[in-house]
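Here's the structure we're looking at; comments come further down.
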Amino acid sequence: MIRSLYTRVVLIFLVSVIGGTLLSFFIATWAFREPLNENLQIPLVHFAQDVARIYEVLPTDEADAFVAGMHQLSSYHIRIYESPDVFRSFGQLDGEGIADITSEEVRRVLSGEKIQRNPNGLTISLVGLPFETKTGSQAIFIDPMGSPSSLFVLKWLLNFSVYALVAGSLVILAAAYFLVRPIQKLTGATRRIAEGHFDVKLDIRQKGELGTLARSFEQMIRELGQLETMRRDFVSNVSHEVQSPLTSISGYAVALKQVKLSEEQRIRYLDIIIGEAGRISKMSDSLLKLSALEAQSPQLRREPFQLDEQLRRVVIALQPQWQERQIAFELDLPDVRLAGDRDQLDQVWTNLIGNAIKFSPDGGQIAIRVETDESIVTVRVADQGIGIAPEDRERVFERFFKADRARSRKYEGSGLGLAIVKQIVTLQGGEIAVESELGQGTTFVVSLPLAPPN
Ligand code: ADP
């Protein structure tokens, strides 16, 4: 219980406020001890001395009449003793809080002593002074009726502090609740995420640090959710991509077990098995390449090389794929020297030109153009092939994406080629875009910095 943040906030508040109030009360009382005493005692003593002086200068009956008319009698009670048993009293006789005076005290004052009753160390509740009249020594006792005003102020202050403390505690109970609630929500959300639920809504509309934290948290949940979706898609894609060649491998292997097979059939089945095994191997190779690229920091090997030469070499290397299908190339390759990772860029052009060949009709034409400005080189690979639908254009760079799965059966491939291309181009500090019209052709545009920034 004490471990909960709510309890801690409330306890810290109470301890600091109560402790602080008590400490400051003691420090203030100690520091103001002298002035406080004087402030509270002096008026009463002075008043007693003034009344005594009246009796010393005026005849007793005149002094009595004068004192009986004093308006201070509403706050003070005055008693004049001639002897311990004979006294005159002024002010309300049965007023509340009138002090009892012992005959011992009367005797002491009559014999010339001054007395002060000082019950709480701060205020005087009774003062007794001797004075002389023509008829002999007398004693005057004055006591404040009820609480003296300063004592009243003190009591009021004390009450005020207690009420302030209680009200403050109630307010902090409510405030702590609102303070701690977002944190509790965040904790709950963390637990749900740990359990694999990414549909958490925090509903924290606060501003300030907690609001910022909540918004960053929501952003993190969204990204985690996307990652989780990507992970699931990835697993299902890999399984799917592996499953279909495996099914055909096992199907043809079973068929090979038949005894009555012509040599021709046997070779055809074996070729299919070899081809499908090759597909799996290619896919795992691409996946490894992609994961290596994703783990790579953008600090790549950068060596200057002739881009135009590299592109020509790639076209020649792919000759077996285009020559038979009578695909023609139109090359516009000015002399360009580029600093970059040669091997990785080789892969980019192989994939792009390979795709252009794959999706071109027989007898089609592919144009490769290189343009440079001060700092950027742009390579365009344009074909007149099947094209890509507008809704698929952005997705072609996703892993395993094939624009039309049914149609793509005709075209071999795992859907990883462009993901690898995009990753390499990004690592080289460049960009890739696609322009295409369904049935008309596709152009991939790669822009690379001539000398990538450090
Ligand atoms: P794959 O290995 O299947 O070719 P890619 O990542 O290279 O995978 O391409 C993803 C998808 O993008 C392809 O399946 C195809 O649908 C589409 N695509 C890529 N290049 C072209 C192109 N030149 N013309 C038409 N469609 C293309």
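The values are calculated or read from the model by the stated rules, or taken from the named source; none is laboratory data. Since this is a predicted model, take the numbers as computed values, not measurements. Virtual Cβ from ideal backbone geometry, glycine too; neighbours counted across all protein chains shown.
Assorted remarks:
- Thr378 being surrounded by fewer than 21 Cβ atoms within 10 Å (Cβ to Cβ) and away from the ligand (no atom under 15 Å from the Cβ): yes
- Residue-level check: of (1) polar (S, T, N, Q); (2) more than 9 Å from the ligand (Cβ to nearest atom); (3) within 21 Å of Glu431 (Cα to Cα), Gln321 misses just (3).
- Every pair of residues 6+ apart whose Cβ atoms lie under 8 Å, when the first sits in segment 351-373 and is in contact (Cβ under 8 Å) with a residue 24 or more places away in the chain and away from the ligand (no atom under 11 Å from the Cβ) while the second is aromatic (Phe, Trp, Tyr) and not in a helix (DSSP H, G or I): Gln365/Phe329; Ala367/Phe329; Ile368/Phe329
- For segment 408-433, a residue qualifies if it is outside any loop (DSSP other than H, G, I, E, B), modelled with pLDDT of 90 or more and near the ligand (Cβ under 8 Å from one of its atoms), and the qualifying residues are Gly417, Leu418, Ala419, Ile420, Val421.
- Candidate set: segment 332-359, residues that are part of a strand (DSSP E or B) and surrounded by fewer than 19 Cβ atoms within 10 Å (Cβ to Cβ); chosen: the one modelled with the lowest pLDDT: Ala339
- Residue in segment 383-398 that is touching a strand residue (DSSP E or B) at 6+ places or on another chain (Cβ under 8 Å) and closer than 20 Å to Asp346 by Cβ present: yes
- Subset of segment 185-213 [modelled with pLDDT under 85 and either hydroxyl-bearing (Ser, Thr, Tyr) or part of a helix (DSSP H, G or I) (or both)]: Gly208, Glu209, Leu210, Gly211
- Here segment 393-407 is the region considered, the condition is being near the ligand (Cβ under 7 Å from one of its atoms) and modelled with pLDDT of 85 or more, and the residue that is farthest from Gln440 (Cα to Cα) is Phe401.
- Count of segment 381-397 residues which are surrounded by 17 or more Cβ atoms within 10 Å (Cβ to Cβ) and either of a type in the set (Ser, Thr, Tyr) or assigned to a loop (DSSP other than H, G, I, E, B) (or both): 6
- Taking the listed residues Lys260, Lys289, the one that is surrounded by 14 or more Cβ atoms within 10 Å (Cβ to Cβ), of a type in the set (Lys, Arg) and either within 16 Å of the ligand (Cβ to nearest atom) or not in a helix (DSSP H, G or I) (or both) is Lys289, with no other qualifying.
Rundown of residues vs (1) surrounded by 14 or more Cβ atoms within 10 Å (Cβ to Cβ); (2) part of a helix (DSSP H, G or I); (3) in contact (Cβ under 8 Å) with a residue 12 or more places away in the chain; (4) among the polar types (S, T, N, Q), yes/no style:
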| residue | (1), (2), (3), (4) |
| --- | --- |
| Pro304 | no, no, yes, no |
| Glu309 | no, yes, no, no |
| Val314 | yes, yes, yes, no |
| Glu330 | no, no, yes, no |
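- Pair list, Cβ under 7 Å, 6 or more apart: segment 263-281 residue of a type in the set (A, V, I, L, M), other residue loosely packed, with under 14 Cβ neighbours inside 10 Å: Ile273/Ala253
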